[in-house]
1. Show me the helices (runs of 4 or more DSSP H) found entirely inside the stretch 83-194 where at least 3 residues are open to solvent by 40 Å² or more (accessible area, probe 1.4 Å) and not aromatic (Phe, Trp, Tyr).
2. Take the conditions surrounded by fewer than 19 Cβ atoms within 10 Å (Cβ to Cβ), at pLDDT 80 or above and either acidic (Asp, Glu) or touching a Phe, Trp or Tyr at 6+ places or on another chain (Cβ under 9 Å) (or both) and apply them to residue 332. Does it pass?
3. Would you check if residue 214 is in contact (Cβ under 8 Å) with a residue 24 or more places away in the chain, open to solvent by 40 Å² or more (accessible area, probe 1.4 Å), under 22 Å from residue 282 (Cα atoms) and out of contact with any Asp or Glu (no Cβ under 8 Å at 6 or more places or on another chain)?
4. In the set 346, 364, 382, which member is more than 38 Å from the chain's Cα centre (by Cα), open to solvent by less than 50 Å² (accessible area, probe 1.4 Å) and free of Cβ contacts under 8 Å to residues at least 60 places away in the same chain?
5. Restricting to the stretch 191-218, count the residues that are at pLDDT 70 or above, closer than 30 Å to residue 231 by Cβ and acidic (Asp, Glu).
6. Could we say that residue 221 is in a helix (DSSP H, G or I) and either closer than 25 Å to residue 304 by Cα or modelled with pLDDT of 70 or more (or both) here?
7. Of everything in the stretch 55-82 that's out of contact with any helix residue (DSSP H, G or I) (no Cβ under 9 Å at 6 or more places or on another chain) and modelled with pLDDT under 70, which residue is surrounded by the fewest Cβ atoms within 10 Å (Cβ to Cβ)?
Amino acid sequence: MTDRPRTARPSRAVPFGAPDPTGTRSWVVLVIIAALGLSALQTRAAVEHPPVLVLAVASLLLWLAWTVLQPGRLRSALIVVCAAASAICAGLGVPQLVAGLVAGSVLLIGDPRQRLVPVVALTGGGTALLLVAGALARLTATALLIDLGVLAFGVLIGVSRRYRVKAVEQQEALREAARTAEQDAARNRLLEDRAAVARDIHDVLAHGLGGLVLQLDAIEALLERGRVDEAAVRAGAARSLAAEGLADARRAVAALRDPARETEPAPAVPDEALDDLLAAHRSLGGELEVVGDAALTGVDQPHRQALLRALQEALTNARRHAPAAPVRVVVERDPRVLLLRVENPAPETPVPSPGGGHGLVGMAERFTALDDGSAATAGRRADRFVVEARAVLA
């Protein structure tokens, strides 16, 4: 059988005079009841009837015990017992002790964590005891009505306090939810910044250094054949590629060290950027078939950057996984959508990739970050590997 969850309780007793769960100080309540109770001990009913005197003293002692107990079921039960004793005393001719019943109503009803059972027991039972004791003592109707009116006033104060405490708790819950949402938003921004830095670093390593390695291999082959002039041209291209990679690496490191600091903006992507990538692929010995217009005239910088990275990733993967196979690049465009598709034969045996597919993931994230319906996908289709990017233009 599963145990019912219990409400967490304080590990230490509430010290005398400390605020109780309703915000009322224990000693204030006790002093008021004690003052009225001591004055009530000299009334005629208390003097002539010893049981009434004993009940009044017991009520005061119970209230004293209540002040040193920690919040919980025992403390709530003690409030009910104290109020019951006070109600009996008030009905037997000690009207001052109706304050005990009223104080119990304010404290118990005013605590929103209290369940309905003790609240009903205190208000309903206290009223019944007051009426029964008053009838036995033959109190006048006026005296009983005054006592009941005072009790009703205490109940109203308790209800008002209950709703006020609930409102404060709800406001605190809303503030806590707002703080949590703000922390989650900050955490998400940090993760997005880290993902952006990871994409930039991948571009530097996979594309820049990968292209540089190919250029150096070509230079070595040309020098072995004595074709120095062509090797010099290749060296110039390699130097430009290294400079571009170094600039990208500096921007990525700056963003990684201080994401809040404004870093140097990325250089604008020219209209002929896609054509330049295609030409670079051919210069590295790749075979290309281009269908459609590869110009990016009129395309805004965010979409242009994402399309450039998509083509760069597709061509790099093609050189890595199918170096001798032809690559087909298709560009389709209408006034609102530009579709870029890069296809190459998929190798029968997949080539292990040290990058772990992070480039394709970063490519898709770039398009998702545009938040306008743009998207990029990559995967095997029959015997071909296809990278497809769809940019939704303004």
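1. 116-120, 126-136
2. Working: surrounded by fewer than 19 Cβ atoms within 10 Å (Cβ to Cβ): yes; at pLDDT 80 or above: yes; either acidic (Asp, Glu) or touching a Phe, Trp or Tyr at 6+ places or on another chain (Cβ under 9 Å) (or both): yes.
It is true that residue 332 is surrounded by fewer than 19 Cβ atoms within 10 Å (Cβ to Cβ), at pLDDT 80 or above and either acidic (Asp, Glu) or touching a Phe, Trp or Tyr at 6+ places or on another chain (Cβ under 9 Å) (or both).
3. Spelling it out, residue 214 is indeed in contact (Cβ under 8 Å) with a residue 24 or more places away in the chain, open to solvent by 40 Å² or more (accessible area, probe 1.4 Å), under 22 Å from residue 282 (Cα atoms) and out of contact with any Asp or Glu (no Cβ under 8 Å at 6 or more places or on another chain).
4. On the way: 364 fails: more than 38 Å from the chain's Cα centre (by Cα); 382 fails: open to solvent by less than 50 Å² (accessible area, probe 1.4 Å).
It is 346.
5. 1
6. When the stated conditions are applied, residue 221 passes them.
7. Of all residues in the stretch 55-82, those out of contact with any helix residue (DSSP H, G or I) (no Cβ under 9 Å at 6 or more places or on another chain) come to 61, 70-72, 74.
With the extra rule that they be modelled with pLDDT under 70, the set shrinks to 70-72.
Values: 70: 14, 71: 18, 72: 11.
Once the filter is applied, the top-ranked residue is 72.
Rundown of residues vs (1) outside any strand (DSSP E or B); (2) closer than 24 Å to residue 191 by Cα, yes/no style:
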| position | (1), (2) |
| --- | --- |
| 299 | yes, no |
| 303 | yes, yes |
| 319 | yes, no |
| 339 | no, no |
| 361 | yes, yes |
| 367 | yes, yes |
| 372 | yes, yes |
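The values are calculated or read from the model by the stated rules, or taken from the named source; none is laboratory data. Computed from a predicted structure; not experimentally measured. Backbone-built Cβ (ideal geometry, glycine too); neighbour counts: all protein chains shown. Accessible surface is based on the protein model in full, side chains and every heavy atom, while ligands, DNA and RNA are left aside. Shrake-Rupley method; radii C 1.70, N 1.55, O 1.52, S 1.80 Å.
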